[in-house]
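Working notes, beginning with the structure itself.
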Amino acid sequence: MRTVDGPYLRIVEQPKQRGFRFRYGCEGPSHGGLPGASSEKNRKSYPQVKVCNYQGAARVVVQLVTNTAEPHLHAHSLVGKQCDKGICIVELLPKDSSISFPNLGILHVTKKNVSKVLEERMIEAYRMGYNYGIFINPEIDVLQGEVRMPRELTGRSVNLISSASIHQSKEMDLSVVRLMFTAFLPDSDGGFSRRLEPVISDPIFDSKAPNASNLKIVRMDRTAGCVTGGEEVYLLCDKVQKGQKFAIVFKTPKYRDQNLQKPISVFVQLKRKSDNETSEPKPFTYHPQIIDKEEVQRKRQKTLPNFQDYSGAGGGAGGMFRGGGGGSFIIRSLKFPPCIKGHFFQGYQTYNNFGSGYNFSSGVGGGGTTIKHGGCPRCQSSCCHYSSFDCTITYTAISKLYLLICSVLDRTFRGLHLGVIHSQTDAVRNLAQVISGLPGEDIINMRNDLYQTPLHLAVLTQQKEAVEALLEADVDITLTDRHGNTALHLAAQQKEDNMLRLLLKYKPVVQLTSIPNTAGLCPLHLAVQANGLSCVRALLDGGADVDVQEITCGHTALHLATELGNLSLAGCLLLEGNAYVDSVTYNGSTPLHVAAGRDSTKLCALLMAAGADPHKENFEPLFFKEDELCGTCEEEEEEEDEGYIPGTTPLNMATSPEVYDILNGEEYQLTTTVVPPQGDMKSLSSDTKQELCQALEGQTGGWESLAHALGLGILTSAFRLSTCPARKLLDSYEVSGGTVRELVEGLKHVGNSSAVSLLQAMCKEPEAVHTTPQLTGNID
DNA sequence: CGGGAATCATT
DNA sequence: TAATGATTCCC
């Protein structure tokens, strides 16, 4: 097409396609220029074109054209600095090869003026020779020789153009335009008459147009439900343009197969009736109906013919759902109150807040919600794989076994005595294996009304054998309860790490460590939130990704630990888990931002020691564009470039001088040692300390426990590297201002009686010595 | 800039 | 006519 060596025009930066509002004339000028596609809050950019294979002056004309296969002139106007008569003309300086357009506004023509304005636009384009490449009228279109002087219009041309404008205005979509750039190079006379091939940008959609919004489901309060339907789901929806969010509440429809045996994945998506625009689908899981005890009991009595009822082949109760996501549901929606606009909602609390604070009565919803059946639904013939003879036998067997397992686990969960259970765990193991070998049914994965599987219950009730039995029986470890928790999530929240380690021994479980529950939290996050150091360790040992982000804000475990002010967890994540110290959340914040923000000297020191960057900018602008703040600032046409607005660094966030100093690289140790330690550890002789060390080394796990008891747990890993960890511990404790009295308490706590008596014996003496005050009176 | 009231148009 | 949606204008 284009010769390689000739000059040509190329779009270097496209305009941003969405989020920009076309303005009416009555709204006045100065509403900000059309941004470039890669423009961001802190770093603005604008549409830009480049004249390639050319150096020298040029003139670039920008016009608005329609978003149709054959471009027409658009009736909207380009307005702004170098704009006139609806088009923009700029001169490219010889020193530049590209040119950007920082100040393009799009003026929305009113409906009744469309044809009038369009006609003016066409006439002007024709006069100036700017009608190349756009379709007006065949007879007009052929006349597009290079123009040195404005063309005169014949009466006939005027008529043709007039009728073309009337015709075209009828079809014109006023909610979308494209930019057409045409470059003109100077001819020998210096006139810009050498026209290059025009280029047309991507379409730009008016953000104010009713259907401009991208439909998007930002979050749903639940991602699973029962096949029977009728459960409320709250959707948080985004209208892609900044911040505006809607909540939609709907009830799940019945799944078409009420006899579903295994959970099935479907999709939820928003669908706008007017233009069939749809959002990205979000997964949703339908769980089988939970058959309650009486039901099971009743069915157990029945014989063969009813088995089909149970397994899904027969036309039992429920009746088939029409399928295809039929119904239009009742959609109630509301706009969020302005006070919370622009923020992400964290956790359920907020949901509850607005849920109870506002009533969802306004029937605003212009959209509909569709449940799309995704994936391959299980065929209805799940029981035709084995003969009816087998059915008779297995059915009874299954029922019995299932009841037993359920009752064992269920009763346990309701607080029945563990002793009773333990005697049955072998039975459970056997049963689990037997059952898993049975064809057709999936009983060991069956859920109760909280969507808990036997595995969930076994973990919750901390039954080691039951967990092992279930794992050996190859249960589905991926199944989630109604909060999206797998058994691993539940284990991660426990005080002890034994369930967790048990689960993690099974390789396939490890991949669950990166799965978020419905609150967006992975097991590691849950462990941190539960202040479960041992669980954190277990997860790290088990191969969990230490830097995994939670879904809502992109926090890592280190962010969360910092946010909670939990020094030992943060230390563990850094030292043992080798966590990336400068991981960033969705808004670009590092753990050090968090620590500085909460004014925590210790955490700042820890993070700095781990190499955190105190100058890292997040995406929160450090300041906003100066309004009337500084009268001294001369406003010399700084429209040209909005300038770079920096993000906020941890240093910016420091409020106390201590934190500020630490972030500036001052040794934390220094500041603490400059202040003389309050403690009296110095009063202990080196011999005493030596004996103390021995007493500690003698006790297995002694110094580690003591370290935790003294609040120095965070340093255990560091101590461990030393040849004499106990000694290191005591030194650190002394430096940090520890007292003998608290040391004794700590030793008592860890049950090291020999060390305790050792110290209590020594403590007497120094006190006696100190009772004689020295008077060096030198009073004048 | 973005929210929203007012007004116009359509069903 | 009332209800709903689109357009325009205002702050």
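Bear in mind these aren't lab numbers, they're just calculated from the coordinates by the rules spelled out. Not measured: the values here are computed from a predicted model. Cβ atoms come from the backbone with ideal geometry, glycine included; neighbour counts cover every protein chain shown.
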Given a Förster distance of 22 angstrom, what is the FRET efficiency for A:Ser534 paired with A:Glu465, based on the Cβ-Cβ distance and rounded to 0.05? 0.55
What does the charge dipole of the range A:686-763 about its Cα centre add up to, to the nearest 20 debye, if the Cβ of each Lys and Arg holds +1 and the Cβ of each Asp and Glu holds -1? 100 debye
Once amide H atoms are built 1.01 Å from N in the peptide plane, which residues 5 or more positions from A:Arg195, or in another chain, come under 5 Å H to H? A:Leu185
Ordered by residue, what ³J(HN,Hα) values in Hz, to whole numbers, does the range A:561-570 give under the Karplus form 6.51 cos²θ - 1.76 cosθ + 1.60, where θ = phi - 60° and Gly and Pro are x? 4, 5, 4, 7, x, 9, 5, 5, 5, 4
Expected unfolding gain across A:Asp189-A:Lys507 under the 0.36 nm per residue rule, minus the alpha-carbon gap, is 106.6 nm
Exposure proxy check: A:Val227, A:Val158 ranked by fewest other beta carbons within 10 Å? A:Val158, A:Val227
Show me, for the range A:511-528, the HN-Hα J-couplings you get by feeding each phi into the Karplus relation (A = 6.51, B = -1.76, C = 1.60, θ = phi - 60°), rounded to Hz, glycine and proline as x. 6, 6, 5, 9, 9, x, 7, 5, 7, x, 9, 8, x, 4, 5, 5, 4, 5
Shape verdict for the range A:8-205, please, from the Cα gyration tensor: rounded (a/c under 1.5), prolate (a/b greater than b/c) or oblate. oblate
Over the range A:686-763, calculate the relative contact order: mean separation of alpha carbon pairs under 8 Å at least 6 apart, over the residue count, as a percent. 39 percent
Which order do the peptides A:576-583, A:250-257 take when ranked by the mean count of other beta-carbon atoms within 10 Å per residue, highest first? A:250-257, A:576-583
Under 5 Å between amide H atoms, partner at least 5 residues away or on a different chain: which partners does A:Cys226 have, H built in plane at 1.01 Å? A:His287
Once phi for every residue in the range A:580-590 is put through the Karplus expression 6.51 cos²θ - 1.76 cosθ + 1.60 (θ = phi - 60°), the whole-Hz ³J(HN,Hα) values, with Gly and Pro written as x, are 6, 6, 10, 5, 10, 7, 4, 9, x, 8, 9
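Ranked highest first by average number of other Cβ atoms within 10 Å, how do A:599-608, A:134-143, A:77-86 line up?
Result, highest mean Cβ count within 10 Å first: A:599-608, A:77-86, A:134-143.
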With N set to the number of residues, divide the alpha-carbon radius of gyration of the range A:686-763 by 2.2 N^0.38 Å and report two decimals. 0.96
Non-local residues with an amide H under 5 Å from the amide H of A:Gly36, with H modelled 1.01 Å from N and Pro and chain starts lacking one, are A:Lys16, A:Ser45, A:Tyr46
Please rank A:Ile87, A:Ile200, fewest neighbouring Cβ atoms within 10 Å first, as an exposure proxy. A:Ile200, A:Ile87
Under a crude label model (7 Å from the Cα following the beta-carbon direction), how far is A:Ser38 from A:Arg720 in nanometres? 4.5 nm
